[in-house]
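See structure below.
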Amino acid sequence: MFSRFENLWESAAGEGASTPVGVSRPEYEVEALMDAWLRERQESVECRLYLDEAGRLLRRILVEDGVPLQLRRRARHLLLAIRAIREAERGRTTDED
């Protein structure tokens, strides 16, 4: 289960870290690079917001009465996957700084 989320997370757009720096480029290329960086940044933020919303929804499911045990288990596993993704992201950020 975790590998599906990790693969999705790792295939998401980065934050422009692989963009070459210090190379002289024509103005139109610089503008295109900046637009691409902005799109990558927005997609990354949107993905985090969706994960936050999914986590809130899953936590609500866990406290509701009448939710079958199988669905509770699935919700717990998804919450663990979200937590693992966040911890991995924090670890990468800490290592890079």
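Quick note: the coordinates plus some simple rules give every number you see, no bench work behind them. Computed from a prediction, not measured in an experiment: that's the story for all the values here. Don't worry about glycine lacking a Cβ; one is built from the backbone with ideal geometry, like all the others, and counts go over all protein chains shown.
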Restricting things to alpha carbons, tell me how big segment 38-88 is in terms of Rg and Dmax, in Å.
13.2, 44
Between ALA84 and VAL63, with labels modelled 7 Å along Cα→Cβ, what's the label distance in nm to one decimal, could you check?
2.6 nm
Once fully extended, how much extra length lies between ASP35 and ARG56, figured as 0.36 nm per residue of separation less the alpha-carbon to alpha-carbon distance?
4.4 nm
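Evaluate E = 1/(1 + (r/R0)^6) for ARG73 and LEU49, where r is the Cβ-Cβ distance and R0 equals 30 Å; express this FRET efficiency to the nearest 0.05.
According to the calculation, E is roughly 0.70.
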Using the Karplus curve 6.51 cos²θ - 1.76 cosθ + 1.60 with θ = phi - 60°, what ³J(HN,Hα) values do you get for each residue of segment 29-40, in whole Hz, with x for Gly and Pro?
6, 4, 5, 5, 5, 5, 4, 5, 4, 4, 4, 4
